[in-house]
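Accompanying notes for the structure given below.
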Amino acid sequence: MTSLTALLCLSTFCTIVSSGAFPAVVPDIARSAALADWQLGIVAGAYGFARMVAAIPLGLFLTHSLRRALWIGPLVLAIGGLCVTAGGGFPTLVLGRSLMGLGQALGMMAALTAILRFQSGKTLASALAAYELSTMIGMLGGAALIGTLPSHLAWNTAFLLACAPQLVAIGLAPKLLSTLPMQSGATTPSRLARSAPRSAPASPPTRPTRRASMVPLVFAAGGLVALAYSTMEQFVIPLRGSREFGLERAGVARLLMVQQIFDIAALMPTGMLADRQGAARVLPGILLLMATASAMIGFGALPVVIAGCALCGLSMSGWMLPLSLLRQETEPERIAWRTGLYRVGVDGGIFLGPFLSGVLGMRLAGLLPALSTAALAVTALLLLARARSSGTMAIHG
């Protein structure tokens, strides 16, 4: 792992801790602010909505201002955390979650753009898996932190403590900027272009066809995984755990920790498997695992939900595989823009999961997991068929 990738992972770990802590306080927020389910869905979904709306403008911004994004993102995230914990009502909560989503989008898209631009070749999937590992350790740390704090502690005080590591990310920004290559937009594409014929020769007639056929399915896979994941983490697990199974904040946090522990355990093996076998070969299996987890968490009894959390964690170990495929289909100088487009679908899923769950309410809470299960399974089969027909499997196998 390069020093740049290591610093990006450390910075992202610090900023993601609050995201791991937030789902455990969702039931407390609903009670303390007297929010209806639809309002709670908006509060939880505002994070993803801000990321979705900002994705394309941020893609354009990052094309020329990658260095600025790396220090602006943690600042905006910290301001959002202060708004959430300020003790205001519904509008203040929505504003705070929106700012947190914007700051998180800015920081994560900048980090992913830097990795995709400067980490190329056969180790790309492993580098992306290492980055995802840092986010999942941060998520686990947030859930563990919020679960170990005293239950009598007010939710906003507990969440404020979970936001404290963001200060470390702000302090890391100068070191991160000094490690980032100065001419990020100019030197890397030419270097990649010089090395491309040696590492990945491609037939000119077949490459455009593969790009046109694979990219829409890659976008669909990323969006559906995000939709299923956010539905489970931001709404179904916290509210089913609290209302149906009688779990306190620590109990909800433990469910989330099961998911994150399995994710962390499987991340690097999944990345290495994708490096050896090809992301197109591994991604369909990841989608089928997510489909199974969505059904188990949405409809199972508590033991089944726990098992579903474990399967969800295993499937989230392939969260970065669509980006690996997208990188294969994209020229280096266009990766920031296309990553921005990809993030529209992903962040749209992160927004729509809790938002639609809140609109549907607990009586119809199983509808979204059922639809997610079916859509993920269909997308997995289409990806498998498309990869076979385009020859992608043969190239990597």
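Cβ separations smaller than 6 Å between residues 6+ apart or across chains give the following pairs from region 79-102 residues that are on the phi < 0 side of the Ramachandran plot to residues that are buried (at least 18 other Cβ atoms within 10 Å of the Cβ) and hydroxyl-bearing (S, T, Y): G81/S18; R97/Y47; M100/Y47; G101/Y47. Restricting attention to region 296-318, the residues that are within 18 Å of L367 (Cβ to Cβ) and either assigned to a helix (DSSP H, G or I) or touching a residue at least 12 places away in the same chain (Cβ under 8 Å) (or both) add up to 6.
When L95, L10 are checked against the criterion of being touching a helix residue (DSSP H, G or I) at 6+ places or on another chain (Cβ under 9 Å), surrounded by fewer than 20 Cβ atoms within 10 Å (Cβ to Cβ) and closer than 22 Å to L140 by Cα, a single residue qualifies: L10. Residues in region 239-256 that are within 13 Å of I306 (Cβ to Cβ), of a type in the set (A, V, I, L, M, F, W, C) and surrounded by fewer than 24 Cβ atoms within 10 Å (Cβ to Cβ): F245, L247.
For region 342-370, residues that are crowded, with 17+ Cβ neighbours inside 10 Å, in a helix (DSSP H, G or I) and not β-branched (V, I, T) total 17.
For region 28-49, filtered to residues that are in contact with a Pro (Cβ under 6 Å, 6 or more places away or on another chain) and closer than 17 Å to R240 by Cβ, the residue that is surrounded by the fewest Cβ atoms within 10 Å (Cβ to Cβ) is G41. Scanning region 73-87 turns up at least one residue that is assigned to a helix (DSSP H, G or I), at pLDDT 90 or above, under 30 Å from R363 (Cα atoms) and of a type outside the set (S, T, N, Q).
The values are calculated or read from the model by the stated rules, or taken from the named source; none is laboratory data. What you are looking at is a predicted structure, and each value in this text was computed from that prediction instead of being measured. Reconstructed Cβ throughout: ideal geometry from the backbone, glycine too, with neighbour counts over all protein chains shown.
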